[in-house]
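**Student:** Below: one structure in structure tokens.
Laboratory data are not the source of any read-out in this text; all were calculated from the coordinates shown. Predicted model, so just to flag it, every value in this text is computed and none were measured. Note that each Cβ is placed from the backbone with ideal geometry, even for glycine, and that neighbours are counted across all protein chains shown.
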Amino acid sequence: MSFEVIGCQLMHYGPDAALPNRVRGLVRVRIRETFMGNRMEYALDLKVKADCGRVTSDQVRTALLSHAAHQLNRLKARHQDKVPVAAE
């Protein structure tokens, strides 16, 4: 199974209603996946958040995209082929 990220875009973000120092947003990720000879491309919308307080918009964008990258790494780890390990 092949799993690769084609693109990543921060759709929108804004302050959280309940927590004063938290920012919430939405990141759209384009994914290409190959499974049993079939190639699929699809968009995945990830809800992201960051506790960053009062910082510049570039730092907020970086924090939200970092959270999306963390979620994608966890997803990719779950979808990779498990190679059997020989017992010693």
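**Student:** Output the relative contact order of the chain, whole-number percent, from Cα pairs under 8 angstrom with separation of 6+ residues. Can you show the working numbers first?
**Tutor:** Working: 140 pairs, mean separation 23.5, N = 88.
So the answer I get is 27 percent.
**Student:** Oh, and also: Compute the acute angle (0 to 90°) between the alpha-carbon long axis of helix 57-79 and the principal axis of greatest extent of the alpha-carbon atoms of the chain; round to the nearest 10°.
**Tutor:** Approximately 20 degrees, to the nearest 10.
**Student:** Subtracting the Cα-Cα distance from 0.36 nm times the residue separation, let me have the gained length for Glu41 to Ser57 in nm, one decimal. Could the numbers behind the result be given before it?
**Tutor:** On the way: separation 16, 0.36 × 16 = 5.76 nm, distance 3.03 nm.
Roughly 2.7 nm would be gained on extension.
**Student:** Further, regarding this structure: Taking the Cα centre of the chain as the origin and placing charges on Cβ (Lys, Arg +1; Asp, Glu -1), which of Gly53, His70, Val29 is farthest toward the positive end of the dipole?
**Tutor:** Comparing the listed Cα positions along the dipole, Gly53 ranks first.
**Student:** A further question follows. With springs connecting C-alpha atoms under 10 Å apart, model the chain as a Gaussian network and identify which of Ala69, Ala77, Ala50 has the largest mean-square fluctuation.
**Tutor:** Ala77
**Student:** How much length is gained on full extension from Ser66 to Glu4, taking 0.36 nm per residue of separation minus their Cα-Cα distance? Mind showing how you got there, number by number?
**Tutor:** Numbers: separation 62, 0.36 × 62 = 22.32 nm, distance 1.68 nm.
Stretched fully, the Ser66-Glu4 segment lengthens by 20.6 nm.
**Student:** Out of every Cα-Cα pair in region 2-79, what percent are more than 18 Å apart? Display every interim value, and only then the final one.
**Tutor:** Working: 1340 of 3003 pairs.
Within region 2-79, distances greater than 18 Å cover 45 percent of Cα pairs.
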